[in-house]
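Asker: Mind having a look at this structure? Questions to follow.
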Amino acid sequence: MKQILLDVTQRITERSAATRSAYLRRVDAAIQRPRGSDRMGCANVAHAFAALPSNDKLRIVAERAPHIGIVTAYNDMLSAHQPYEGFPAVIRDEAHRLGITAQVAGGVPAMCDGVTQGLPGMELSLFSRDNIAMGTAIALTHDVFDAALLLGVCDKIVPGLLIGALHFGHLPCVFVPAGPMSTGLPNSDKAKVREQFAQGLVGREELLAAESAAYHGPGTCTFYGTANSNQMLLEAMGLHVPGAAFVHPHDGLREALTREAVRHVLAITQKGRFTPIGRQVDERVIVNAMVALLATGGSTNHLIHWVAVARAAGILIDWSDFSALSEAVPLLARVYPNGAADVNQFQAAGGPGFVIRELIDGGFMFADVATVSAHNTLRDYGRLPELAAEGRVAWRDLPPDSGDDHIVRRADAPFSETGGLKLLTGNLGRAVIKVSAVPATHHVIEAPARVFDSQEELLAAFKAGELEHDFVAVVRFQGPRANGMPELHKLTPPLGVLQGKGFRVALVTDGRMSGASGKVPAAIHVSPEVLADGPLGKVRTGDIIRLDAEAGTLQALVDDATWASREVATISDAAVETNAHGLGRELFGGMRRNVRTAEEGAVTWL
C-alpha cells in the first residue's frame, strides 16, 4: 500500500474516533433487535403487509423469510431514471424465485440539473440531496425490512440515498443502477455549438438540435459528470453488483444485473455473510471512493457530497484529505470533459473495472474491505460482467492493457502522476479546482477582478462585449446560505469563448460549477461563503487576483492594511427577496439558514 493512503486513512480514523464509535454503537443496537414483524404489534404488521399477496404474507410472518425494501427514485422526466419504471416488478419476480419477498418502501424526489441549469429551480438542487436522504429515511422507517435495494443514478440522488441508507446502518444494502444512454452527438461537438450560440453565430434552432442529439434517449447523460461519477464511486465502495455501472438500460445484461442485485442483497443478509451498510462503509471504503474520484477526474460536486456521506457514517473528512491523496493518486482516465470519450467509450476501454484493478495493484486502494460481492473483496470489481447461460451473470478478467490508452491507462503509465482535483488556499479562503480538464498553460492566472453578484450579471456583461480582456470573474453570493449554491454551468460557454480568443480568464466563486467543469480554470466552493462573512466579499473590481493551481493558492494581491480595513460586501434586499421566493424556494428557507459550509458537506441535518 502507498504510504500516503495509509497516512490519510489513519488521520481520518483518529479524527473520527468519537463520532464513528458512537455511530457503530447505534448500528449494533439496531442489529440486536428482533425482526420487524416479530417486534411489531399485530395492527402494525397488518398495515405493513395489507396489500401483499397472501403467499408473501406467509413467507414474511410465518416462514420469517427475508423481506427486502425497495427505495426508488423513479420518474420518467429524468432520462437516467425512466428505466426504473419496470425494476420493482423484476425485483419482486426474482425475490419470489429465491423464496423471499420485496416491497417498494417508498419513492424519493429526483430532479434533473440539466433541466434547471441557470433557472431558479437550480437553487433547490443541492438541498434536494438532504430531502432525498429524509425521503429514504421515511421509506425505511416502516422498519419491517431485513435489507434494502436503492434505485438511483443522478447527481444528488445517489448521495441522498446513501446518506439515508447510512442512517439505517443496520441494514444490508445494494445500489441498483440503470445505465447510460447510447452515444449521441459527441460532447465536444455539443460544446462547440454552445460556444457558437454564446457568440451569436448560431440560433436557438441549431442549439436545440445539437442538445437534442446529445440528450436523446433513456439512460444517464454520457459525459463524466456527477451522475456517472456517482456510479464510479459506488463501484469503488463495493456497493454495486460488480461492473453494473455502465451497462445500457436496454442491454439484456442490465436485467440480469438487476436480478443479481436481489441475489447479492439476500447473500449479505445471511448469518455467515451479514454485511450491514453501516459497518461496510468504514474509513477505508471512504478513502477508496476518494481515490476513485481523483483517479478518474470526477465531479467537483463530490468534494461536497462525499464529505456528507462520510459524516452520515460518523466519519470526518475534509478537503485537505482529498488534496493529500491527489498529490499521489495517478490520473488514469480521460472522459469528457477531461477528454473526448464518453462513458460508453470509457466502458468499452475497460471502464471502472480496469481503473479499480490498476489502483489496487498499484497500492492505491484497499482491496480487503467488505463489499456486497460474492467473494467479499474489492478485487471482484476489477472484472467485467457478461451475460451467461439462463440469464445469469458471469464475470471475466480484463486484459492486462486498456482497450484504448487515449481513454484509460495503466497505473504505471498514467495521464498524470497526480489526481484531477486540487485544494486552493489563501486570503480568499479555501476552494477547489478541477485541473484535469484545464490546459497546463492556464493553471496559473493573474488578472484584474471583475465582481458580479449573479451569473446573470456576468452573462449580460459578456453579451454587451464588456469582457474582451484578461480578467478573473468573481461571482459572489452563490453559496448554500445565500441561494442554495446552484451550479453555474451556464458560465462555461462564454468564458470558454473568451479563453479561446486568447484572453487569460478564470472564475472564482462561492458557488458550484458542476460535474461538467471544463477547460476554464474555476476556483469553486470558496469557503466560507460571502454571506457567512467570507473574505471573497472583500474583493473589489480591479483587484489583482492570482489563481495558482500548481502552488495551490488563491490570493487577492492587495496590501495587508487595505485588505484588513475592508468590509465584506452585503447582499442586496432585492437579491434576498428573489432567492427566498418562487418555485418552492420558500420551503427551503430553514435549510438555507441551518446549512453547514461546503467543506462540511453543506449538510442541513446536523
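Asker: Being at pLDDT below 95 and either of a type in the set (Phe, Trp, Tyr) or in the same structural domain as LEU257 (by TED's automatic domain parsing) (or both) is true for just one of PRO120, PRO53. Which residue is that?
Answerer: PRO120
Asker: What are the residues in the range 390-419 that are surrounded by 17 or more Cβ atoms within 10 Å (Cβ to Cβ), more than 15 Å from LEU331 (Cα to Cα) and in contact with a Pro (Cβ under 9 Å, 6 or more places away or on another chain), if any?
Answerer: VAL393, TRP395
Asker: Scan the range 422-442 and tell me whether some residue there is of a type in the set (D, E, K, R), more than 24 Å from ALA569 (Cα to Cα) and modelled with pLDDT under 95.
Answerer: Yes: the range 422-442 contains one or more residues that are of a type in the set (D, E, K, R), more than 24 Å from ALA569 (Cα to Cα) and modelled with pLDDT under 95.
Asker: Follow-up question, since we're still on this one. How many of the residues in the range 170-204 are more than 30 Å from ALA102 (Cα to Cα) and either in a loop (DSSP other than H, G, I, E, B) or among the small types (Gly, Ala, Ser) (or both)?
Answerer: Here the count works out to 13.
Asker: Might you check whether a residue that is touching a residue at least 12 places away in the same chain (Cβ under 8 Å), surrounded by fewer than 22 Cβ atoms within 10 Å (Cβ to Cβ) and assigned by TED's automatic domain parsing to the domain that holds HIS248 occurs anywhere in the range 125-133?
Answerer: yes
Asker: Another question about this same structure. So for the range 91-102 (the condition being part of a strand (DSSP E or B) and either polar (S, T, N, Q) or in contact (Cβ under 8 Å) with a residue 60 or more places away in the chain (or both)), does at least one residue qualify?
Answerer: Within the range 91-102 (the criterion being part of a strand (DSSP E or B) and either polar (S, T, N, Q) or in contact (Cβ under 8 Å) with a residue 60 or more places away in the chain (or both)), the answer is yes, since at least one residue qualifies.
Asker: Can I ask one more? Scanning the range 440-450 for residues that are out of contact with any helix residue (DSSP H, G or I) (no Cβ under 9 Å at 6 or more places or on another chain) and not in a helix (DSSP H, G or I), which turns out surrounded by the fewest Cβ atoms within 10 Å (Cβ to Cβ)?
Answerer: It comes out as PRO448.
Asker: Next question. Report whether or not LEU547 is assigned to a strand (DSSP E or B), crowded, with 21+ Cβ neighbours inside 10 Å and in contact with a His (Cβ under 9 Å, 6 or more places away or on another chain).
Answerer: So LEU547 fits the description; yes.
Asker: Check ASP404, ASP368, ASP380 and return the single one that is touching a Ser or Thr at 6+ places or on another chain (Cβ under 9 Å), more than 30 Å from GLY552 (Cα to Cα) and in a loop (DSSP other than H, G, I, E, B).
Answerer: Result of the check over ASP404, ASP368, ASP380: ASP368.
Asker: Consider the range 60-85. How many of its residues are closer than 17 Å to LEU140 by Cα, assigned to a loop (DSSP other than H, G, I, E, B) and among the polar types (S, T, N, Q)?
Answerer: The total comes to 0.
Asker: Test VAL153 against the stated conditions and say whether it is surrounded by 24 or more Cβ atoms within 10 Å (Cβ to Cβ), assigned to a loop (DSSP other than H, G, I, E, B) and within 20 Å of the chain's Cα centre (by Cα).
Answerer: So VAL153 passes the test.
Asker: Next up: Please tell me if ASP113 is over 23 Å from GLN478 (Cβ atoms) and among the charged types (D, E, K, R).
Answerer: Criteria not met by ASP113.
Asker: Of the conditions (1) at negative phi; (2) surrounded by 22 or more Cβ atoms within 10 Å (Cβ to Cβ), THR116 satisfies every one except a single condition; which number is it?
Answerer: It is condition (2) that THR116 fails.
Asker: If I filter the range 233-241 for residues that are touching a residue at least 12 places away in the same chain (Cβ under 8 Å), buried (at least 19 other Cβ atoms within 10 Å of the Cβ) and charged (D, E, K, R), do I get at least one hit?
Answerer: yes
Asker: Which one of these is in contact with a His (Cβ under 8 Å, 6 or more places away or on another chain), under 21 Å from THR116 (Cβ atoms) and in contact (Cβ under 8 Å) with a residue 24 or more places away in the chain: ARG504, ARG512?
Answerer: Result: ARG512 is the single residue among ARG504, ARG512 that is in contact with a His (Cβ under 8 Å, 6 or more places away or on another chain), under 21 Å from THR116 (Cβ atoms) and in contact (Cβ under 8 Å) with a residue 24 or more places away in the chain.
Asker: Moving to a separate point now. When the residues of the range 351-389 are filtered to those that are among the aromatic types (Phe, Trp, Tyr) and surrounded by 24 or more Cβ atoms within 10 Å (Cβ to Cβ), which remaining residue is nearest to LEU171 (Cα to Cα)?
Answerer: Result: TYR381.
Asker: Select, from THR553, THR492, the only residue that is touching a Gly at 6+ places or on another chain (Cβ under 8 Å), modelled with pLDDT under 95, β-branched (Val, Ile, Thr) and outside the structural domain of VAL309 (by TED's automatic domain parsing).
Answerer: THR492
Asker: THR562 - would you say it is farther than 25 Å from ARG311 by Cβ and of a type in the set (Val, Ile, Thr)?
Answerer: yes
Asker: Against the definition (more than 20 Å from the chain's Cα centre (by Cα), crowded, with 23+ Cβ neighbours inside 10 Å and under 19 Å from GLY601 (Cβ atoms)), how does GLU487 come out, yes or no?
Answerer: Answer is no for this residue.
Asker: Which of (1) at pLDDT 95 or above; (2) over 30 Å from ASP318 (Cβ atoms); (3) out of contact with any helix residue (DSSP H, G or I) (no Cβ under 9 Å at 6 or more places or on another chain) does GLU386 not meet, given it meets every other one?
Answerer: (3)
Asker: Charged (D, E, K, R), modelled with pLDDT of 95 or more and either closer than 18 Å to HIS525 by Cα or not assigned by TED's automatic domain parsing to the domain that holds ILE286 (or both): is that true of ARG379 in this structure?
Answerer: So ARG379 fails the test.
Asker: Which of the residues that make up the range 157-204 are touching a residue at least 24 places away in the same chain (Cβ under 8 Å), over 24 Å from LEU126 (Cβ atoms) and among the basic types (Lys, Arg)?
Answerer: Matches in the range 157-204: LYS190 only.
Asker: I would also like to ask the following. When you go through (1) within 30 Å of PRO494 (Cβ to Cβ); (2) touching a residue at least 60 places away in the same chain (Cβ under 8 Å); (3) assigned to a helix (DSSP H, G or I) one by one for ALA213, which number turns out not to apply?
Answerer: (2)
Asker: Still on this model: Could you please find all residues in the range 562-606 being β-branched (Val, Ile, Thr) and modelled with pLDDT of 95 or more?
Answerer: Within the range 562-606, THR562, VAL568, VAL595, THR597, VAL603, THR604 meet the criteria.
Asker: Does PHE145 qualify as being over 22 Å from ALA261 (Cα atoms) and among the aromatic types (Phe, Trp, Tyr)?
Answerer: No: the conditions fail for PHE145.
Asker: Given (1) at negative phi; (2) modelled with pLDDT of 95 or more, identify the lone condition not met by GLY179.
Answerer: Status for GLY179: all satisfied but (1).
The values are calculated or read from the model by the stated rules, or taken from the named source; none is laboratory data. Every value quoted in this text rests on a predicted model; they were computed, and no experiment measured them. Here the Cβ is made from the backbone with ideal geometry for all residues, glycine too, and neighbour counts use every protein chain on show.
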